[in-house]
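Q: Got a structure here, written out as structure tokens. Questions coming.
The values are calculated or read from the model by the stated rules, or taken from the named source; none is laboratory data. In this text the structure is predicted, and so the values were computed from the model without any measurement. Virtual Cβ from ideal backbone geometry, glycine too; neighbours counted across all protein chains shown. Note: accessible area is taken over every heavy atom of the protein model, side chains too, but ligands, DNA and RNA are not part of it. Shrake-Rupley method; radii C 1.70, N 1.55, O 1.52, S 1.80 Å.
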Amino acid sequence: MPLDKKVLQDYLDTNWAQYRGKYVFHSGYRIDNNEFKFHYYMLDTNFRQIDIYLDVSCENKITYTFSENLHEQEQTFIVKDVVTRLLKQNDQKRLLHFSLYEKFIKHELEETFVLEPMDLRDVFNYMKYHQGINQNTIDQFYKLLIPYLKNQIKRKEYKKFMDTVNLLFDVILYEHYWDGINFQYLDTEYQYHLYFIRKIIRMVYKHLDKFYEVVPNELLQALKTLCMHTRFTLAIMTDFGKVLLSQYRISSVIMERLEKEFVLCDKDEEKENENLIFSYIYYIYHNNFDQYYGVVLKLLRMLINNMMTVANHDLDLALGNSLIKAEGYDILLDLFHRDYNTFIFSCFPIEEMPASMKLKVKDELVGAIQFFGARMENDNYRLSSFEQVMNINNLLMDNFKEWYLK
């Protein structure tokens, strides 16, 4: 049952303050025709989660009750976010009544393949509200979603399939950076979904000609969304690349359309809003190795920056190691030669590099220490250069001790 749009819009029109709140959306679901439960949260400087729950009623006017006392601006910010979400999804078609969520989760309903894509998203939010965001919740959800998607392909309901996937991406592909005392914490959900998204992409790949023929716009929307989430898509690049590069007829049109949406990277200059994922695929498609190599260098710079500033950087390390494995350790040496960034070897230790490369590494470090030593003559660069000199001395001492002490 759709909500009264006027009630929703009136609240937004009368609460237009630009205050940016601290809390972000976690989950929420419907409990009655005009009533909802929502969960918002934040992380403090020690990365401890602080949860806020609220009940919202949309009958005649917006009313709400918070589980904890918050100042008025924060309350208004959260409620505005709630109302905006409700308004955005108000026209989405649904078949599953909110009272049947538990039965659906327990596989007690028949003919669930007739459900609408929004039903699956509603159930997912219901599960997250009651069970939290964790691997068990995600695994349980995909036991419902994967059979549903397979049924859509079997029934040739390609639009339902892609609409479901696009709604899923809208829920899971977020990144929140929380500031700590010394580092940031990158708050994501998508790492729990990687295995299952690969499975879904393989389903699309297997029937790519049909998806492209029947729902080209919905397919393109999904591909565009993935291009906009660098870390996530880099983690599924093998399967993502197959979809974009496997069939020349389809690939050429997709590349042409996506090229209108994104700014391509250029190895010789920095462009505003350049898209690393699309550039990576685009230059592979066009066999442009020089530009492709430039994109890989930019990806490594991004990952190294995350590893030095984000406390939970396990995925960045794994992605960096994957790129190095594919391109060879020479790319690290080349990156250091270009940037003279000693933190490269903090992220990817010299002792893990092939023995045959270590003499080259030593020569590069010696060249770098001479560069920074000379730059210390400039007052503007003295402090930063001194830090780099100290880092290089430590690297030489730790990895080339016999030579260093001669």
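Q: So if I check each of Thr164, Thr84, which one is assigned to a helix (DSSP H, G or I), polar (S, T, N, Q) and surrounded by fewer than 17 Cβ atoms within 10 Å (Cβ to Cβ)?
A: Thr84
Q: Here's something else I'd like to know. Which helices (runs of 4 or more DSSP H) sit wholly inside region 292-406 and have at least 3 residues that are surrounded by fewer than 16 Cβ atoms within 10 Å (Cβ to Cβ), more than 33 Å from the chain's Cα centre (by Cα) and of a type in the set (Gly, Ala, Ser)?
A: Passing ranges, in order: 358-375.
Q: Suppose we filter Tyr142, Tyr192 for residues that are open to solvent by 10 Å² or more (accessible area, probe 1.4 Å) and touching a residue at least 12 places away in the same chain (Cβ under 8 Å); which single one remains?
A: Tyr192
Q: Tell me, please, whether a residue that is touching a residue at least 24 places away in the same chain (Cβ under 8 Å), open to solvent by less than 30 Å² (accessible area, probe 1.4 Å), more than 20 Å from Asp51 (Cα to Cα) and in contact with a Lys or Arg (Cβ under 8 Å, 6 or more places away or on another chain) can be found in region 170-189.
A: Scanning region 170-189, I find no residue that is touching a residue at least 24 places away in the same chain (Cβ under 8 Å), open to solvent by less than 30 Å² (accessible area, probe 1.4 Å), more than 20 Å from Asp51 (Cα to Cα) and in contact with a Lys or Arg (Cβ under 8 Å, 6 or more places away or on another chain), so the answer is no.
Let's see how each residue does on (1) among the hydroxyl-bearing types (Ser, Thr, Tyr); (2) out of contact with any helix residue (DSSP H, G or I) (no Cβ under 8 Å at 6 or more places or on another chain); (3) under 16 Å from Phe232 (Cα atoms):
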| position | (1), (2), (3) |
| --- | --- |
| Asn287 | no, yes, no |
| Tyr292 | yes, no, no |
| Leu300 | no, no, yes |
| Met308 | no, no, no |
| Asp316 | no, no, yes |
| Leu323 | no, no, yes |
| Ala326 | no, yes, no |
| Ile331 | no, no, no |
| Asp334 | no, no, no |
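Q: Ok, one more. Quick check on Lys93: is it more than 22 Å from Thr188 (Cβ to Cβ), over 28 Å from the mean Cα position of the chain (by Cα) and in a loop (DSSP other than H, G, I, E, B)?
A: So Lys93 fails the test.
Q: Take Lys159 and decide whether it is in a helix (DSSP H, G or I), exposed (fewer than 15 other Cβ atoms within 10 Å of the Cβ) and either basic (Lys, Arg) or under 18 Å from the mean Cα position of the chain (by Cα) (or both).
A: Criteria not met by Lys159.
Q: Now for a different question. Quick one: how many residues across region 110-133 are assigned to a loop (DSSP other than H, G, I, E, B) and open to solvent by 50 Å² or more (accessible area, probe 1.4 Å)?
A: 2
Q: Has region 253-271 got any residue that is at pLDDT below 95, open to solvent by 30 Å² or more (accessible area, probe 1.4 Å), of a type in the set (A, V, I, L, M, F, W, C) and part of a helix (DSSP H, G or I)?
A: Yes; the residues of region 253-271 include at least one that is at pLDDT below 95, open to solvent by 30 Å² or more (accessible area, probe 1.4 Å), of a type in the set (A, V, I, L, M, F, W, C) and part of a helix (DSSP H, G or I).
Q: With the checklist (1) at pLDDT 95 or above; (2) closer than 26 Å to Phe183 by Cβ in hand, flag the one item Leu223 doesn't pass.
A: (2)
Q: If you check every pair at least six apart or on different chains, which have Cβ atoms under 7 Å apart with a residue in region 1-24 that is open to solvent by 100 Å² or more (accessible area, probe 1.4 Å) first and a residue that is assigned to a loop (DSSP other than H, G, I, E, B) second?
A: Listed by first residue and then by second, the contacts come to Met1/Asn33.
Q: Of everything in region 195-241 that's closer than 14 Å to Ile277 by Cα and of a type in the set (D, E, K, R), which residue is most open to solvent (accessible area, probe 1.4 Å)?
A: The qualifying residue most open to solvent (accessible area, probe 1.4 Å) is Lys224.
Q: Give the residue that is most open to solvent (accessible area, probe 1.4 Å), with candidates limited to residues of region 42-69 that are closer than 15 Å to Asn15 by Cβ and part of a loop (DSSP other than H, G, I, E, B).
A: Lys61
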